[in-house]
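Have a look at the structure below, then the notes.
The values are calculated or read from the model by the stated rules, or taken from the named source; none is laboratory data. All figures in this text were calculated on a predicted structure; none of them were measured in a lab. Methodologically, a virtual Cβ is constructed for each residue, glycine included, from the backbone with ideal geometry; neighbour enumeration extends over all protein chains shown.
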Amino acid sequence: MLRYTVKRLLQLAVALLGLTLLLFAWFKALPGGPENRMLPDNATDQQREALRGALGLDEPIWTQYGEFLSRIVRLDFGSSLSSGRPVATELAERLPATIELSLTAIAIAIGVGIPLGYLAARKRGSWLDLGAVSSSLIGICIPVFFLAAMLKVVFAQNLGWLPTAFRLSPGTAYTEITGLRVLDGILTGEFDVAWDAVLHLVLPAVALASIPLAVITRITRASVLEVVGEDYVRTADAKGLKPAVIRGRHVMKNAMLPVVTVIGLLLGSLFSGAVLTESVFAFGGVGSFVYQATTERDYPALMGFILIIAVFYVVLNLIVDLSYGLLDPRVRVRS
Amino acid sequence: MTLAKIERLDRLVEAGAQARHAESGSLWRQSLRRMKRSPMAISGAIIVALFLLIAILGPWIAPYPATAQTWGDEVFLNRNVFPGPRAENWFGLDHLGRDMFSRMIVGARQTMLVGVVATLIGFAAGAVIGGVAAAAGTFGGRWGERIEAVIMRTVDIALAIPMLLLALSVAALLGPSLSTVMIAVGVAQIPIFARLLRGSMLAQAHSDYVLAAVSLGVRKRRIVLSHIFPNSLGPVIVQATLVLATAIIEAAALSYLGLGNPDPGTPEWGTMLADAQRFLSGAPQLAIYPAVGIIVTALGFTLLGEAMRESLDPRLRRQS
Amino acid sequence: MALLEVEDLRVSFGGSTAVDGVDFHVDQGQVVGLVGESGCGKSVTSLAIMGLLPRRGVTVSGEARFEGVDLLSLPRGDMRRRRGSDLAMVFQDPLSSLNPVVKIGVQITEVLERHRGLRGGAAEKEAEQLLDRVGIPDPRRRLGEYPHQLSGGMRQRVLIAIAVACAPRLLIADEPTTALDVTIQAQILELLKDLVEAEGTALLMITHDLGVVAGLCDEVNVLYSGRVVESAPARDLFARPTHPYTVGLLNSIPRLDLPIHEPLKPIRGSIADVIRWKDGCAFAPRCDGVAEKCVEGEPPLIGTAHAHRCVMAEEIA
């Protein structure tokens, strides 16, 4: 298990290095050139030359790359063009919002998806099964931003049951500990704040959860169906074990393996969905920041941002990969 | 035994054999047969066929030109007046006074283009990358294995990065336009296909018929091109169908983020949907038509893809 | 009273019949063989007796009386209680028959917990002893290992240990050695023989291998196309095979004592060349001695201790 981990970590390090190289190339390839983006349009050629010198753009490419790397290591991702603040700071401020939203969404997807998929598999051919399969098929086909917008129009604007935007009602005082409004509200005893945060979370989380929910339901159903036909389940049956034991130890333990893999793969798409959902609900997370940076062509922000998120997801994937080793003993032997 | 009795015997054998009707034929023929019986496959195929029909015939069957703002004076944005469905305009008008029905019909073509091109880019590039990796790993000796490892680790990283980021990076390089969106979505699909094809080819490479071919002295290149590659295509084709469905949706998302065609003249369902977002409270139909179009089309391709996957699954093949 | 009495068992899946009127019995402590080619219905018979056939799409009729009680008409909960404790089964493929993500020890102790009420340390001790009993070296260590860490032969031993854990009165073994190497096969068969003699357990041995039958069984039932065509004490079956199918099977076995260039004698045709039992003898299309009366309705069972279904038996012999 240890050798496996170390080997993967080494490969990861190499891969991340490659990633920085790619990003450097990407940044260099962006239209306009960095010095143009940082100057007003009527700058003279002299000014451009001066800036190029100052930015070190006349140095050999290796040196530039070296500079690039050293800045990354120091977590200096430059400053946003629009706000002037360091990209890292902007991200750090907005991260908790996205985390809270994503966690809620994935919790919904898992909490509803796995039981639903299991029931659909056990009652194959029933109305429940048909309903689960069709809704999960349709679920992946609905554009997230459209769903988010429709939910907002129907439930927030027209029916008024839920708030239309932001994480808390405007003007609400709150104490910040972790940055997760619901958790903070509970920890500090400000339950009204926590409840307000929950209300604001409902619509965006449901919209964001739609695709993961659909996928998890389908994979769980398919996986349970497959496992139930396996020989070892027949052996368990032949032993005369109680149905609950067969279900838990023999069926679910094996059926969950592909589901965990899928959840790992979904994390990336969860981010994409977050970008879209947050923009609809002005949720103030990393996603809305990306939206703004994209529409405003704020390249330094985008670049730093892409780098951080890319690294984050690569590491996250590694963790999921390794945890798979914990669940499936067969993987530990293979390297 | 008399001739009559032999004939009677034969007839009895027939009767017995009916209870054991064995399915025969190649993998493709079997799967096609199975698909003809599956309601999922049939509905998917109908939707896809309808979509392709509309897409191809588009401009010829649309009642009005899709870009003509003929009824511009009947639309009042500030008062949220959008003429709805009526005799002349079955789907009503959009915010610039254009006939929605025509725009939907003509838009099918661009939408199809977006989906097909994006999928093709992902498929082609991914297949090459995955194929090279698999071939290198199987036949390239130690260096081949290293090359494969490097390629696959890069693919893994690309897979880990959220699709939107990949697409954003590409879009930032190319500037906003419809081609950008197509290419961006296409590039984002490359890792999926690369991983899939490489896995598929590896599975084939370890199968017995390849071992047999190698031991018979068949050249490696021939083995890879004529044997392994064609047999690995099954799951990849399934994936391509599914990817087509989501490519259209992802393209719409990119348009929503402002990376699509800034000039909303040529209709495309994704851009139409993105543009209509601002009118959702006042005139939701502007968004609902393209949304339903996208959802149903994506659903059609998904149904077809899923049905194909089920029918190609060798485990589900009945034993005689 | 026989321990297990199977009477007119019929199983069909949708339109196709797998078991078409099977009768046989197993006495206490006896080793009975159920022999036939793939597709003759022997596995389905055993699954039906154990109550392991799926509920949907399967029609089962007939009786399978275990100690007088018809298992096929028992409520599911009752049958579940009996499985693993009164009667147990060992399956063909030891790798796929064990849960890959659960430790061996747990897969044994769960049976002990379920039927014998053993828990914790007591259950583990017993599991260790069981592993020892079936000939697995270093049993304590094996308890904490996973199936993929064991060899094929060892896995089969584990499955046997699981099956005998609660001292069942009937053990059904469905091709337990088919997936194993020949040398391991012999060991496993020895083990089964051993256990059966020591505990007085009855064994229903399902196989296509006549060699296995010869070495192990007291009684043999030969199955063809879902029905028993010959049934006799093992010695008699090999000495005086009566039904042409049995004769054909025995003749088709390659022998060491025949001249080297003597061609092998397979049974002509294939198992798909059948007629339905209600029309006549299912083996008729492949039989060299076939006559008109073979296809004039269901052939009856002839004989008692050594019984068979060939109406042409005297004339062919």
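Tabulated results
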| quantity | calculated |
| --- | --- |
| Among (1) among the small types (Gly, Ala, Ser); (2) surrounded by fewer than 18 Cβ atoms within 10 Å (Cβ to Cβ); (3) in a helix (DSSP H, G or I); (4) away from chain A (no Cβ under 14 Å), the one test that B:Gly97 misses | (3) |
| Enumeration of residues in segment A:232-249 that are facing chain C (nearest Cβ under 10 Å), assigned to a helix (DSSP H, G or I) and surrounded by fewer than 17 Cβ atoms within 10 Å (Cβ to Cβ) | A:Pro243, A:Val245 |
| Complete set of residues in segment C:54-68 that are assigned to a loop (DSSP other than H, G, I, E, B) and under 21 Å from C:Leu170 (Cα atoms) | C:Glu67, C:Gly68 |
| Test: residue in segment C:157-180 that is surrounded by fewer than 16 Cβ atoms within 10 Å (Cβ to Cβ) and under 17 Å from the mean Cα position of the chain (by Cα) | yes |
| Some residue of segment C:145-167 being more than 9 Å from chain A (Cβ to nearest Cβ), among the aliphatic types (A, V, I, L, M) and at positive phi | yes |
| Selection status of A:Leu241, without any contact (Cβ under 8 Å) to a residue 60 or more places away in the chain and of a type in the set (A, V, I, L, M, F, W, C) | yes |
| Hey, B:Ser102 polar (S, T, N, Q) and within 14 Å of chain A (Cβ to nearest Cβ) or not | no |
| Test set (1) touching a residue at least 12 places away in the same chain (Cβ under 8 Å); (2) of a type in the set (Val, Ile, Thr); (3) assigned to a helix (DSSP H, G or I) - C:Ile172 fails condition number | (3) |
| Total residues in segment A:275-284, condition modelled with pLDDT of 85 or more and more than 9 Å from chain B (Cβ to nearest Cβ) | 5 |
| Condition check for A:Ala132: touching a residue at least 12 places away in the same chain (Cβ under 8 Å), touching a helix residue (DSSP H, G or I) at 6+ places or on another chain (Cβ under 6 Å) and small (Gly, Ala, Ser) | yes |
| Test: residue in segment B:303-312 that is more than 8 Å from chain A (Cβ to nearest Cβ), within 20 Å of A:Val275 (Cα to Cα) and at pLDDT 80 or above | no |
| A:Glu35 vs. criteria surrounded by 14 or more Cβ atoms within 10 Å (Cβ to Cβ), more than 10 Å from chain B (Cβ to nearest Cβ) and at pLDDT below 70 | yes |
| Candidate set from segment C:78-99 (those that are over 12 Å from A:Asp237 (Cα atoms) and free of Cβ contacts under 8 Å to residues at least 40 places away in the same chain); member that is nearest to the other protein chains (Cβ to nearest Cβ) | C:Ser96 |
| Residue count for segment C:202-242, restricted to those that are in a helix (DSSP H, G or I), in contact with a His (Cβ under 7 Å, 6 or more places away or on another chain) and surrounded by 19 or more Cβ atoms within 10 Å (Cβ to Cβ) | 0 |
| Helices (runs of 4 or more DSSP H) enclosed by segment A:285-335 - at least 1 residues per element that are within 14 Å of chain B (Cβ to nearest Cβ) and closer than 19 Å to A:Glu93 by Cα | A:286-295, A:299-327 |
| Residue within segment A:250-268 that is assigned to a helix (DSSP H, G or I), over 15 Å from C:Val111 (Cβ atoms), facing another protein chain (nearest Cβ under 7 Å) and at pLDDT below 90 present | yes |
| Filter result for C:Gly57 (surrounded by fewer than 22 Cβ atoms within 10 Å (Cβ to Cβ) and away from every other protein chain (no Cβ under 14 Å)) | no |
| Cβ pairs under 6 Å, 6+ apart, first in segment C:1-16 and surrounded by 12 or more Cβ atoms within 10 Å (Cβ to Cβ), second basic (Lys, Arg) | C:Glu5/C:Arg65 |
| Check on A:Thr295, without any contact (Cβ under 8 Å) to a residue 12 or more places away in the chain, closer than 28 Å to B:Ile249 by Cβ and out of contact with any His (no Cβ under 9 Å at 6 or more places or on another chain) | yes |
| Matching residues in segment B:147-188 - criterion: being more than 7 Å from chain A (Cβ to nearest Cβ) and not in a helix (DSSP H, G or I) | B:Pro176, B:Ser177 |
| Residue selected from segment B:209-265 under the condition among the hydroxyl-bearing types (Ser, Thr, Tyr) and exposed (fewer than 14 other Cβ atoms within 10 Å of the Cβ), by the criterion farthest from B:Leu120 (Cα to Cα) | B:Ser215 |
| Selection status of A:Thr261, within 22 Å of A:Ser102 (Cβ to Cβ) and touching a residue at least 24 places away in the same chain (Cβ under 8 Å) | yes |
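Condition check ((1) within 27 Å of C:Val158 (Cα to Cα); (2) surrounded by fewer than 20 Cβ atoms within 10 Å (Cβ to Cβ); (3) assigned by TED's automatic domain parsing to the domain that holds C:Ser46; (4) among the polar types (S, T, N, Q)) across all residues:
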| residue | (1), (2), (3), (4) |
| --- | --- |
| C:Gly200 | yes, yes, yes, no |
| C:Pro254 | no, yes, yes, no |
| C:Asp273 | no, yes, yes, no |
| C:Glu298 | no, yes, yes, no |
| C:Thr304 | no, yes, yes, yes |
